[in-house]
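Inspection log for the structure reproduced underneath, given as structure tokens.
The values are calculated or read from the model by the stated rules, or taken from the named source; none is laboratory data. Just so we're clear, the structure is a prediction, and the values are computed from it rather than from any experiment. Neighbour counts run over all protein chains shown; Cβ positions are idealised from the backbone, glycine included. We work out accessible area using only protein heavy atoms, side chains counted, and drop any ligands, DNA or RNA first. Shrake-Rupley method; radii C 1.70, N 1.55, O 1.52, S 1.80 Å.
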Amino acid sequence: MGIGVLALVRLTPDRLAQLTAAGYAVGEAAQYASRMESIRDGADTVRAVLTNGRGGLSGAEMALLPKLEIVCTTGAGHEAVDLAAARARGIAVSHCPGTNAPAVADSAMMLLLATARHLLPAERFVRAGGWQDQWRVDTPTVCGKRLGILGLGNIGTRIALRAARGFDMAVGYHNRNAVAASPYRQFDRLTELAAWADFLIVAAPGGAGTRHLVDAEVLAALGPKGYLVNVGRGTIVDTPALIDALRSKRIAGAGLDVLEGEPATPTHLPELLQLDNVVITPHCAGRAPESRAAATALLLDNLNAHFSGKPLPSPVSLDR
């Protein structure tokens with residue numbers, strides 16, 4: 001019998017087939033009445049858990065899996081995995097950084113263009129029977145403007161490359177730490193970056209350290225001609241403050257792939273959908289066949305390395 005793996009995230013048929021072919025006996029939480037039921041059922045067999053950054057795995061859940069050896073997140077995020085509990089148990093944790101970065105960066109630029117160029121109102125106008133002579137909305141160009149990036153990691157760096165090389169934009173960033181040898185201007189304070197930028201893209205990880213970094217003060221600094229895009233985590237943006245800024249036109253618009261309250265349907269979604277200066281996608285920025293293939297390959301590399309006694313290709317540091 002294969003090595004017991006519990007998938008707390010939904011698996012595509014191709015990913016499930018590859019795991020099975022590699023010798024893993026995969027149980028899927030989606031086949032149970034509840035997540036907790038799937039965990040309890042795996043107490044005697046599960047040696048690895050597959051999860052994501054938002055769903056994670058708590059210390060209490062780990063305690064129900066006495067044979068657990070490794071937790072693998074299928075994306076870069078791991079904010080909801082209890083790293084202290086994993087360290088105490090000697091459980092390894094891995095993630096898949098960078099595997100969906102090209103797709104997320106593409107989507108960030110798409111949201112920026114769609115929002116700034118008023119794509120959805122224009123499309124609705126045409127569907128309602130309008131055409132060029134009746135369209136009276138002026139939309140700003142993106143080319144040659146200033147782009148601020150919150151989080152210059154794998155995704156943020158790819159966004160910066162697209163912006164600088166493809167759209168001739170000046171790029172600045174705010175990070176917890178300066179990025180060595182970065183050609184882009186660093187801002188020590190997020191409010192300073194927002195005041196400088198025409199557009200602000202959020203590409204930072206989630207967790208307590210980034211919660212509501214984009215607050216009313218940052219939005220005020222971005223200003224009435226500024227646009228916000230979030231492809232990081234919904235918790236990074238203070239949603240009530242954002243809604244207030246959008247309603248009062250204290251910022252020009254927002255493009256959002258992530259919202260507070262996920263993975264359930266976000267509480268503030270109905271309010272946001274009433275606003276014409278918002279474009280929302282359902283946390284799908286990183287979804288692409290290429291992303292899934294790259295993540296599956298790295299996921300298998302981590303599992304195979306662990307169960308062969310080799311170093312993990314992409315471990316999460318537990319020294320925190």
**Asked** Can you find a residue in the range 130-148 that is in contact with a strand residue (DSSP E or B) (Cβ under 7 Å, 6 or more places away or on another chain), touching a residue at least 40 places away in the same chain (Cβ under 8 Å) and surrounded by fewer than 17 Cβ atoms within 10 Å (Cβ to Cβ)?
**Response** no
**Asked** Applying the selection to the range 234-267, what residues are farther than 18 Å from residue 112 by Cα and surrounded by fewer than 16 Cβ atoms within 10 Å (Cβ to Cβ)?
**Response** 240, 244, 247, 248, 261, 263, 264, 265, 267
**Prompt:** Among the residues of the range 293-302, is there at least one that is open to solvent by less than 30 Å² (accessible area, probe 1.4 Å), assigned to a strand (DSSP E or B), touching a residue at least 60 places away in the same chain (Cβ under 8 Å) and closer than 18 Å to residue 105 by Cα?
**Reply:** no
**Message:** Among the listed residues 4, 98, identify the single one that is surrounded by fewer than 21 Cβ atoms within 10 Å (Cβ to Cβ) and at positive phi.
**Reply:** 98
**Complete:** Of the conditions (1) under 29 Å from residue 212 (Cα atoms); (2) within 17 Å of the chain's Cα centre (by Cα), the single one that residue 294 does not satisfy is (1)
**Request:** Output the residue which, of all residues in the range 270-290 that are of a type in the set (D, E, K, R) and at pLDDT 95 or above, is nearest to residue 107 (Cα to Cα).
**Result:** 290
**Message:** Take the conditions open to solvent by less than 50 Å² (accessible area, probe 1.4 Å) and either in a helix (DSSP H, G or I) or of a type in the set (D, E, K, R) (or both) and apply them to residue 126. Does it pass?
**Reply:** no
**Request:** Have a look at 287, 233, 211, 247 and point out the one that is more than 24 Å from residue 160 (Cα to Cα) and basic (Lys, Arg).
**Result:** 247
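Let's see how each residue does on (1) of a type in the set (Asp, Glu); (2) touching a helix residue (DSSP H, G or I) at 6+ places or on another chain (Cβ under 7 Å):
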{"site": "171", "(1), (2)": "no, yes"}
{"site": "198", "(1), (2)": "yes, no"}
{"site": "205", "(1), (2)": "no, no"}
{"site": "210", "(1), (2)": "no, yes"}
{"site": "216", "(1), (2)": "no, yes"}
**Prompt:** Which one is most open to solvent (accessible area, probe 1.4 Å), of the residues in the range 106-123 that are out of contact with any Phe, Trp or Tyr (no Cβ under 9 Å at 6 or more places or on another chain) and within 14 Å of residue 156 (Cα to Cα)?
**Reply:** 106
**Asked** Can you name the residue in the range 45-68 that is among the charged types (D, E, K, R) and touching a Lys or Arg at 6+ places or on another chain (Cβ under 7 Å) and is also surrounded by the most Cβ atoms within 10 Å (Cβ to Cβ) among such residues?
**Response** 47
**Prompt:** Out of the range 64-89, which residues are assigned to a loop (DSSP other than H, G, I, E, B) and either of a type in the set (Asp, Glu) or farther than 19 Å from residue 39 by Cα (or both)?
**Reply:** 69, 75, 76, 77, 79, 82
**Prompt:** Within the group 270, 315, 282, which residue is farther than 30 Å from residue 116 by Cβ and open to solvent by 40 Å² or more (accessible area, probe 1.4 Å)?
**Reply:** 315
**Prompt:** What pairs can you find where one residue is in the range 150-169 and open to solvent by 60 Å² or more (accessible area, probe 1.4 Å), the other is in a helix (DSSP H, G or I), and their Cβ atoms are less than 7 Å apart, with a gap of 6+ or different chains?
**Reply:** 154/101; 158/101; 158/102; 158/105; 162/105; 162/109
**Asked** Within the range 85-127, which residues are among the small types (Gly, Ala, Ser) and more than 19 Å from residue 278 (Cβ to Cβ)?
**Response** 85, 86, 88, 90, 92, 94, 98, 101, 103, 105
**Message:** Can you find, within the range 242-258, the residue that is farthest from the chain's Cα centre (by Cα) among those that are aliphatic (A, V, I, L, M) and within 23 Å of residue 176 (Cα to Cα)?
**Reply:** 242
**Asked** Just to be sure, is residue 33 open to solvent by 50 Å² or more (accessible area, probe 1.4 Å), in a loop (DSSP other than H, G, I, E, B) and not aromatic (Phe, Trp, Tyr)?
**Response** yes
**Prompt:** Within the set of pairs 6+ apart or on separate chains, which have a first residue in the range 219-240 that is at pLDDT below 95, a second that is part of a helix (DSSP H, G or I) and buried (at least 24 other Cβ atoms within 10 Å of the Cβ), and C-beta atoms under 6 Å apart?
**Reply:** none
